[in-house]
Amino acid sequence: MDSFKLRILKFPLSTGTFEYIVTNLPNDMFSLDSIKKLYNLRWGKETAFRHLKYAGNMVHIHSIKSDFLIQEIYGKLTLYNFSSCITKAITKRDNLNTVHKYNFNHTQMQKFVRLYIIGAVKDLEKLINRFLVPVRPGRKFKRIIRRQSAKPLSYR
């Protein structure tokens, strides 16, 4: 039987609540401050994964066979990367005269880029700039967590 050691770290947040982190990093090499910095660096990857999962529509996988599942995931990843590159190139907006900094809605952008690829949209830049959303720091929403499974398409 294999065994391993885990550290549970607890530190206060600015809201008065506590954050818990479980790690297997050794005490003598990684202090609480260094682990907090590493966790903060990782947060960008967590945000990107959230965009891939929800904006990339990875929540609803329609394939059941493993080959088709992999094909669907790569297709969605390709569309996500392509739409992110296109949108970032288009949305260079001057924020000097505005109250908020603006960002794009990943879900809408993927829909627009897909429509542009099939020829249903002619002026992609104009459409994307209409749907920019303001960045409002400090907003928090309660997450709704529920189990989801594959939703096969019944018409195949």
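The values are calculated or read from the model by the stated rules, or taken from the named source; none is laboratory data. As the structure is a computational prediction, the values presented were derived from the model and not from experiment. Cβ sites come from the backbone with ideal geometry, for glycine too, and all protein chains shown count toward neighbours.
For beta carbons closer than 6 Å, sequence separation of 6+ or different chains, a first residue in the stretch 9-31 that is β-branched (Val, Ile, Thr) and a second that is part of a loop (DSSP other than H, G, I, E, B) and exposed (fewer than 10 other Cβ atoms within 10 Å of the Cβ), the qualifying pairs are Val22/Leu6.
Every condition in (1) within 26 Å of Arg130 (Cβ to Cβ); (2) more than 21 Å from the chain's Cα centre (by Cα); (3) of a type in the set (Val, Ile, Thr) holds for Thr47 except the one numbered (2).
If the requirement is being closer than 30 Å to Thr15 by Cα and either modelled with pLDDT of 85 or more or surrounded by 10 or more Cβ atoms within 10 Å (Cβ to Cβ) (or both), which of these qualifies: Tyr102, Tyr80? Walk me through how you get there before you give the answer.
Working: Tyr80 fails: closer than 30 Å to Thr15 by Cα.
Criteria check complete, one pass: Tyr102.
Before we move on, is Asn95 surrounded by 13 or more Cβ atoms within 10 Å (Cβ to Cβ) and either at pLDDT below 85 or of a type in the set (Gly, Ala, Ser) (or both)? Give the steps one after another, and end with the answer.
Working: surrounded by 13 or more Cβ atoms within 10 Å (Cβ to Cβ): no; either at pLDDT below 85 or of a type in the set (Gly, Ala, Ser) (or both): yes.
In short, no.
Could you say whether any residue in the stretch 121-136 is part of a loop (DSSP other than H, G, I, E, B), closer than 29 Å to Thr15 by Cβ and either modelled with pLDDT of 75 or more or touching a strand residue (DSSP E or B) at 6+ places or on another chain (Cβ under 6 Å) (or both)? Within the stretch 121-136, one or more residues are part of a loop (DSSP other than H, G, I, E, B), closer than 29 Å to Thr15 by Cβ and either modelled with pLDDT of 75 or more or touching a strand residue (DSSP E or B) at 6+ places or on another chain (Cβ under 6 Å) (or both). Going by the conditions given, is Gly16 at pLDDT 85 or above and exposed (fewer than 11 other Cβ atoms within 10 Å of the Cβ)? The answer is yes for Gly16.
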